[in-house]
Amino acid sequence: MGYYLGVDIGSVNTKLALIDENGGVVQFDTEKISSGPRAAVSSLIARLGERFNLEEIVAASVSGSGRGVIPKELGWKEYSSSLAIASGLLHHYPDVKTIIQIGGQSTLVIELEDGLKKPWKVESNPLCAAGTGRFLEQQAYRIGISMEDFANLALKFEGTAPRIAARCSVFAKTDLIHLQQKGVPLDAMLYSLCESVARMVGSLKKGTFQEPVYFVGGVAANPAVAKSLNDMISARNGHPVEVIIPENYLHMESLGSALLSIGKTSQGVMLSGTDAKQRHFEMPRLEAVASTSQSKDGRRIEEQCVGYLGIDIGSTSTKAVILDETGKRVLAKNYLMTAGRPVEAIRQVFRNLLRDGADKVKIAGAGVTGSGRYLVGSFIGADLIKNEITAQTRAAAEMDPEADIIEIGGQDSKLVIKRNGIVVDYHMNKACAAGTGSFIDELAEMLGVSVTNGEFADLAFAAPHTIDLGTRCAAFMGQAVASAQQEGVPLEIIIASLANSIAKNYLSKVVEHRKLGDKVILTGAVFYNKAVVSAFHQQLEGKTLTVPEHKEVSGAIGAALLAKEAMAGQESKFKGFQEVLDRECKLTTFVCKGCDNNCTITRMEMPGEEPSYYGSRCDKYDAIASHARRETFFDKREQLLFREYKKDAGTGPTVGIPRALLVYDYAPLLIGFLNA
């Protein structure tokens, strides 16, 4: 009798299926990938050889992310994961229309119209752990529970779960910490993690899910995720839908590979030897760069004076500065973690500033920037509210008006490109921790290294060389770091290589194709880490890089300078440090259903004032709190373009012209033609 072998080499496990010539399943087996994918395949085939004569295997096929480890000379056929999964499911379930596959590092949504007779559609997750098994594993590890307990506890939850970031596993960790601080029950947090996976799956596909829907892959073992998928698809389709989890959900891809090999032949199935030890290419070591000297700014304020207040309320940290009347010197500054409570954070910052003598300063203007700017701006009585790009650009102009700006924050990173002192382009990272402060914090914590006391930099500079750990999602980078440790790569080399990775991640994900100028300012608290500064010097060789002295509060400095320029002798609306501490406000939350992000919006109400909002990824609610509409040169341009248009003055037939796009540019021509 002839047998056919199918192997699915994933990122976490390798799965094997052996079938007979009629497609009947003879054997399923699984091996966790620990020392390498090739070793896992060898173990599976060795166990198979104990029960079956391997020479009776006529053909073998392989699929999955690790399929490249099978030597070409063996003649194994290679298939894509989507084709193998669809083939395996259709063999037993010919009615399948939609397949959701969630594995260790991948998520697929496969849509079939008429089996494999017509082209099928495949949507997959980007190079990000969000919505994968790795995402759930990481969060379970952080909370300290097994995956079995995870599912059981999550299923016990009833009601509306809190919102947790679906976009990035590192940002989800921040949300978990905030929820723990608020005393949210464990089962609610676990179920919300399952919901975030379902939301990520939903974001891969527009419109309804064609039924029946099958759920396969390792994560299909988690019934809480299946329940979340049911809820998501039911809401999308407008009626109750239940995903079907087939009996051999873990082995569907390997079964499909085996079925696809029927009628083909291979030269053999035994792999010679095991995985060759990974050889990392040695790259240049990190060289320490001379740091800027620290001035005596920021001492306690002893005398009465006039100053300007700037606040930067970010996703992870809150910063405030007081500048002197000239705007040239920092009188006081403070920096602390926001911890998901912006109002409490700004109160604590104000307490710290009062301790430094802020009560002696008459605030002539207050500016606010950052993701929580509208909420905090209303709370303190800000004179000016500006976005982070504008604030960072204004602060950098004091140092060098010609230089481009690289700013790296806790959960976002920004790029501003200038030519002749004018901003010509800017960009922010796309909801991913790679290339941000959280990236370094997360991986350093995993290695037990502190980034705040200089230990990280000391280890990095002690490394004789660096290696390439890649430029990927922080969660997947964790696996690259773990593999390097298993291979005996010294800690200091891994640390130095991580510093290089944050620079490479930033350049690939934020700078992308853009051309940086010759002078660049590096700002943000991340650049207190001298190893990161050195990595940027290495990656941007030949450019003049400057790290400001007050790099951690540069956004707040920009807000204060903008407020100074905007006041022009007017009376400030700032309510006062002690008054803000004594103020009462009511905070409530609701979920915005405007798009798939489903942001949790915080609503702040104070007596006698309009409510303010915080927490949206767009400005749908922030715009309510923004400044009243002001006439600009664009309004003047429109008046000039349409000055010959006299509404209701015509006597002939009515002609409709859409007032949009190029019609504005051609308005004088069109109006002149119709009037004539």
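The values are calculated or read from the model by the stated rules, or taken from the named source; none is laboratory data. No experiment lies behind these values; they were computed from the predicted model shown. Counting neighbours? That spans all protein chains shown, and the Cβs are built from the backbone with ideal geometry, glycine included.
Six or more apart or on different chains, Cβ under 7 Å: which pairs go from a residue in the stretch 315-330 that's touching a residue at least 60 places away in the same chain (Cβ under 8 Å) to one that's β-branched (V, I, T) and part of a loop (DSSP other than H, G, I, E, B)? Could you list them?
S315/T338; T316/T338; S317/T338
Go through (1) among the acidic types (D, E); (2) surrounded by fewer than 24 Cβ atoms within 10 Å (Cβ to Cβ); (3) modelled with pLDDT under 85 and name the single condition D356 misses.
For D356, the exception is condition (3).
Condition check ((1) under 33 Å from the mean Cα position of the chain (by Cα); (2) at pLDDT 85 or above; (3) surrounded by 12 or more Cβ atoms within 10 Å (Cβ to Cβ)) across all residues:
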position	(1), (2), (3)
I244	yes, yes, yes
E253	yes, yes, yes
R279	yes, no, no
E302	no, yes, no
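Being touching a residue at least 24 places away in the same chain (Cβ under 8 Å), under 28 Å from T160 (Cβ atoms), assigned to a loop (DSSP other than H, G, I, E, B) and touching a helix residue (DSSP H, G or I) at 6+ places or on another chain (Cβ under 7 Å), is that true of even one residue in the stretch 248-255?
Checked against the condition, which is being touching a residue at least 24 places away in the same chain (Cβ under 8 Å), under 28 Å from T160 (Cβ atoms), assigned to a loop (DSSP other than H, G, I, E, B) and touching a helix residue (DSSP H, G or I) at 6+ places or on another chain (Cβ under 7 Å), the stretch 248-255 yields no hits at all.
Can you tell me which of (1) crowded, with 20+ Cβ neighbours inside 10 Å; (2) under 22 Å from K575 (Cβ atoms); (3) at pLDDT 90 or above; (4) not aromatic (F, W, Y) is the one S371 doesn't meet?
(3)
For the stretch 1-97, list the strands (runs of 3 or more DSSP E) that sit wholly inside it and hold at least 3 residues that are buried (at least 24 other Cβ atoms within 10 Å of the Cβ) and in contact with a strand residue (DSSP E or B) (Cβ under 9 Å, 6 or more places away or on another chain); which are they?
3-9, 13-20, 57-63
Looking at (1) out of contact with any Ser or Thr (no Cβ under 9 Å at 6 or more places or on another chain); (2) part of a helix (DSSP H, G or I), can you tell me which one V510 breaks?
Of everything listed in (1) out of contact with any Ser or Thr (no Cβ under 9 Å at 6 or more places or on another chain); (2) part of a helix (DSSP H, G or I), V510 misses just condition (1).
Could you look through the stretch 205-242, keep only residues that are part of a loop (DSSP other than H, G, I, E, B) and of a type in the set (K, R), and pick out the one that is surrounded by the fewest Cβ atoms within 10 Å (Cβ to Cβ)?
So, considering only residues that are part of a loop (DSSP other than H, G, I, E, B) and of a type in the set (K, R), the one surrounded by the fewest Cβ atoms within 10 Å (Cβ to Cβ) is K206.
Would you point out the residue of the stretch 318-338, among those that are small (G, A, S) and within 19 Å of V580 (Cα to Cα), that is surrounded by the fewest Cβ atoms within 10 Å (Cβ to Cβ)?
Selected residue: A332.
Out of all the residues in the stretch 109-124, which are under 30 Å from S508 (Cα atoms) and surrounded by fewer than 21 Cβ atoms within 10 Å (Cβ to Cβ)?
Listed by number, the residues that qualify are K121, V122, E123, S124.
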